[in-house]
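First the structure, in the form of structure tokens, and then the observations on it.
Throughout, read-outs are computed from the coordinates displayed, never taken from laboratory work. From a predicted model like this one, the values you see are computed outputs, not experimental measurements. Virtual Cβ from ideal backbone geometry, glycine too; neighbours counted across all protein chains shown.
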Ligand code: DGL
């Protein structure tokens, strides 16, 4: 029997669990190793050098654990580090995430799309290129960009305590700054969740904005893309047993353990890697 090869997934914290959830649904026989960098989070309000250094350290660690593919389940880390990691590991399929701006423009009927993301993602050259490519294609959609300071942190805290008071206040503050939501002309009818933490605030956002506003996340598209890459480059798992998941955190293991149980129904011990 050969060595079991894993799919490595990392994020600044628990947000990437929204991507892991979609990956497990798409690739039920694959084994995953999920690494939350909670000891060095949040990334979104730190300088790019910090995110780059951490992304290199996490990728290096995961590569030493026999990964056949790497999923950067973090918009902020993708914007800062994916080009460099691809250059450093040219043989390794590396999949990143970016705000689902293109799908949102297709969905919007009012032509006004909101984008919630970290400050770092919105200020990145990669995100600017994405907006420029839409402008070059002549889009008539207008975008309202909202850097959501503190929101990922509030989600981390609500995962471990179950208390959503701070989370609701953060969602209200950020969506309140974006203008009117709704399906009338001039209103934002489509909201891009441009950080992998934000799908875990979906309920709170729907309660604030109503269920007519469409929320667009990236987990499923990333999972489909990962399947395609693995099938053509790294090889899908040969066994048909249910895939296993190892959870690791550089911060408080309790936070990741509680989030995985709460949102993925995954009961697994969390270990703290040494690197
Ligand atoms: N989950 C990360 C993202 O997708 C960022 C959260 C943070 O600020 O650390 O951008």
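When a footprinting reagent is the concern and you count Cβ atoms within 10 Å, what order do 95, 206, 168, 14 take, fewest first? Let's see the in-between values first.
On the way: 95 23, 206 13, 168 18, 14 31.
If I rank by nearby Cβ atoms, fewest first, I get 206, 168, 95, 14.
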Query - Over the chain, relative contact order from alpha-carbon pairs under 8 Å, at least 6 apart, % - result: 28
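How do 55, 160, 142, 12 rank when sorted from fewest to most other Cβ atoms within 10 Å of their own Cβ? Mind dumping the intermediate values first?
Details: 55 24, 160 16, 142 12, 12 33.
Ranked by crowding around the Cβ, least crowded first: 142, 160, 55, 12.
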Query raised in the report: Once the piece of chain linking residue 4 and residue 134 is laid out straight, how much longer is it, given 0.36 nm per residue of separation minus the C-alpha distance between them?
Result: 42.7 nm
Report task. Note down the nm distance, to one decimal, between modelled labels 7 Å out along Cα→Cβ at residue 64 and at residue 109. Result -> 5.4
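Relative to the compact-globule scaling 2.2 N^0.38 Å, provide the ratio for the alpha-carbon radius of gyration of the range 111-245.
Normalised Cα radius of gyration, the range 111-245: 1.23.
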Query raised in the report: Among 13, 114, 186, whose mean-square fluctuation peaks in a Gaussian network model of the chain (Cα, cutoff 10 Å)?
Result: 186
Report summary line: Inter-part gap, Cα centre of the range 203-275 to Cα centre of the range 135-151, in whole angstrom, is 26
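Highest mean first, what order results for 190-196, 88-94 on Cβ atoms within 10 Å?
Details: 190-196: 28.3, 88-94: 14.1.
Highest-to-lowest ranking by the protection proxy: 190-196, 88-94.
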Report summary line: When 110, 250, 76 are arranged by how many other beta-carbons sit within 10 Å of their Cβ, fewest first, they go 110, 250, 76
**Report entry** Where labels lie 7 Å past Cα in the beta-carbon direction, separation of residue 233 and residue 185 in nm
**Finding:** 4.7
Query - Two-site label geometry, residue 45 and residue 123: point separation in nm, points 7 Å out along Cα→Cβ - result: 1.2
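Determine the gain in length on full extension of the stretch residue 163-residue 254; use 0.36 nm per residue of separation and subtract their C-alpha separation, reporting nm with one decimal.
Additional length available on full extension: 31.2 nm.
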